[in-house]
Amino acid sequence: MKIYFAHPVTSYGTPIEQRVLDELRLIKFQVVNPNTPEHQENYQRLPREQAFEYFLTLARTCDACVFIPFEDGTIGSGVFKELETFFERGLKVYEFYSKVWPFVQRDLEQLRDRALTIEETREKINQLRRNE
């Protein structure tokens, strides 16, 4: 099974990213992580107005999705758009939830009110980067 790992750019290269990757590999899933040099280079080569579509196309090649939200539980607009590609196809979406069981299945209605707009996402990312 091919799993797409949707997560905010602020979690790239962090211990939480590595923990999710380790958990997924333990259960023998093929992981598609947008935070690899190959995917980042492909993304960077595209014009800005087309770049995000690269990740959506990548997500559409996968059988299920695991995601992590921001630390406050909100979901960035890009991550949410990636999740929607799975809901549109009737595929499963799992949130990494380390307190009880690593992965908890979610449905669209459980996540919609946690999704941020593009502007809110940009502000959240800028705020998190200022606090680093």
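The values are calculated or read from the model by the stated rules, or taken from the named source; none is laboratory data. Everything quoted here is computed from the prediction, not taken from an experiment. Neighbour counts run over all protein chains shown; Cβ positions are idealised from the backbone, glycine included.
Quick notes on this structure:
- Note on region 26-57: residues that are assigned to a helix (DSSP H, G or I) and either under 14 Å from the mean Cα position of the chain (by Cα) or loosely packed, with under 15 Cβ neighbours inside 10 Å (or both) amount to 18.
- Note on region 76-103: residues that are at pLDDT below 90, within 14 Å of Phe5 (Cα to Cα) and of a type outside the set (Phe, Trp, Tyr) amount to 1.
- Restricting region 65-95 to residues that are aliphatic (A, V, I, L, M) and surrounded by 17 or more Cβ atoms within 10 Å (Cβ to Cβ) leaves a set whose member that is nearest to Gln127 (Cα to Cα) is Ile75.
- Test result for Thr61, more than 12 Å from the chain's Cα centre (by Cα), touching a residue at least 40 places away in the same chain (Cβ under 8 Å) and under 19 Å from Lys2 (Cα atoms): yes
- Among the candidates Glu23, Glu17, the residue that is surrounded by 14 or more Cβ atoms within 10 Å (Cβ to Cβ), within 14 Å of the chain's Cα centre (by Cα), in a helix (DSSP H, G or I) and of a type in the set (Asp, Glu) is uniquely Glu17.
- Qualifying positions in region 1-37 - among the hydrophobic types (A, V, I, L, M, F, W, C) and touching a residue at least 24 places away in the same chain (Cβ under 8 Å): Met1, Ile3, Phe5, Ala6, Val9, Ile16, Val20, Leu24, Phe29, Val31, Val32
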